[in-house]
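Laboratory data are not the source of any read-out in this text; all were calculated from the coordinates shown. Note that the coordinates shown come from a computational prediction; the quantities given were computed from them, not determined experimentally. Cβ placement follows ideal geometry from the backbone for every residue including glycine, while neighbour counts extend to all protein chains displayed.
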Amino acid sequence: MLLHTVNKSPFERNSLESCLRVAEDGAGVLLIEDGVYAAMDNTQVSDLIKKRMGNVKFYVLGPDVDARGLGNQSMIDGVESVDYAGFVDLVEKHSATQAWV
Amino acid sequence: MEEEWDEGGPEVVKRFMYVNRKAPYGTVYALEMLEKVLIAAAFEQDVHVVFMDDGVYQLKKEQETKAINMKNFSPTFRALEGYDVEKLYVEKESLEARGLTVDDLVVPVEVLSSEELKGLMDKQEVILTA
């Protein structure tokens with residue numbers, strides 16, 4: 001199963017949308033850099049992730065969330081935060097990584 | 001060196017508008033725009049700074065960038081007042097789309113609707129967007 005990484009803001013680019021269109025059930029999606037904005041609840045784009053929650057596993061890179069001042073904002077239920085070591089673990093446990101730059 | 005404007009300020013003052021549309025750390029646009037704002041301030045121009053689209057994220061409180069090894073430049077927005085840059089505007093629609101309110105921002109701003117922003121933009125002499 002693939003690990004997808006998305007590093008672009010969902011408000012500015014359609015990377016996450018395209019990623020989710022082709023992501024298989026069971027795949028992992030790790031939001032990094034400006035991609036982490038997609039994980040916030042109560043935004044105009046929150047539904048992108050909510051619609052696939054349960055069949056795709058969503059992760060955010062904690063340091064990128066903190067850098068953007070989102071550490072205390074409400075994140076969409078079910079999104080798991082990982083650190084850099086967790087990022088490496090995810091890469092290791094998936095068959096390949098698809099980076100949606 | 002003789003400073004011509006020691007007596008009465010700068011010879012020419014124009015209405016400058018800086019439109020910030022980018023999130024703070026994914027690209028270098030936001031930081032560079034802030035530097036451009038400071039340059040205009042140094043020349044004592046009539047500076048207007050707008051935050052819209054992902055640019056509103058530049059003002060988000062509680063940025064903690066140590067772990068990504070980048071400089072947190074959000075405190076600089078609080079220092080702008082000291083350079084007489086006090087006209088900060090946020091587009092209402094952009095703020096709402098991101099589930100944010102003025103309480104989430106590091107500085108006091110004037111919230112404008114797109115309609116109001118349209119009018120303000122039309123009055124400018126120089127507009128820079130990034």
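For residue A:3, all conditions in the list (1) within 9 Å of another protein chain (Cβ to nearest Cβ); (2) touching a Ser or Thr at 6+ places or on another chain (Cβ under 6 Å) hold save one; what is the number of the exception?
Status for residue A:3: all satisfied but (1).
Looking only at residues in segment A:1-15 that are within 15 Å of residue A:99 (Cβ to Cβ) and aliphatic (A, V, I, L, M), which one is nearest to the chain's Cα centre (by Cα)?
Applying the filter and picking the extreme gives A:6.
Are any of the residues in segment A:76-86 closer than 21 Å to residue B:28 by Cα and either without any contact (Cβ under 8 Å) to a residue 40 or more places away in the chain or surrounded by fewer than 20 Cβ atoms within 10 Å (Cβ to Cβ) (or both)?
Within segment A:76-86, not a single residue is closer than 21 Å to residue B:28 by Cα and either without any contact (Cβ under 8 Å) to a residue 40 or more places away in the chain or surrounded by fewer than 20 Cβ atoms within 10 Å (Cβ to Cβ) (or both).
Report, by residue number, each residue of segment B:64-92 that is free of Cβ contacts under 8 Å to residues at least 40 places away in the same chain and at the interface with another protein chain (Cβ under 10 Å from one of its Cβ atoms).
Residues satisfying the conditions are B:64, B:66, B:67, B:69, B:72.
If you check A:69, A:35, which single one turns out to be on the phi > 0 side of the Ramachandran plot and touching a Lys or Arg at 6+ places or on another chain (Cβ under 8 Å)?
A:69
Can you tell me which residues in segment A:46-72 are more than 8 Å from every other protein chain (Cβ to nearest Cβ) and within 27 Å of residue B:71 (Cα to Cα)?
A:59, A:60, A:61, A:65
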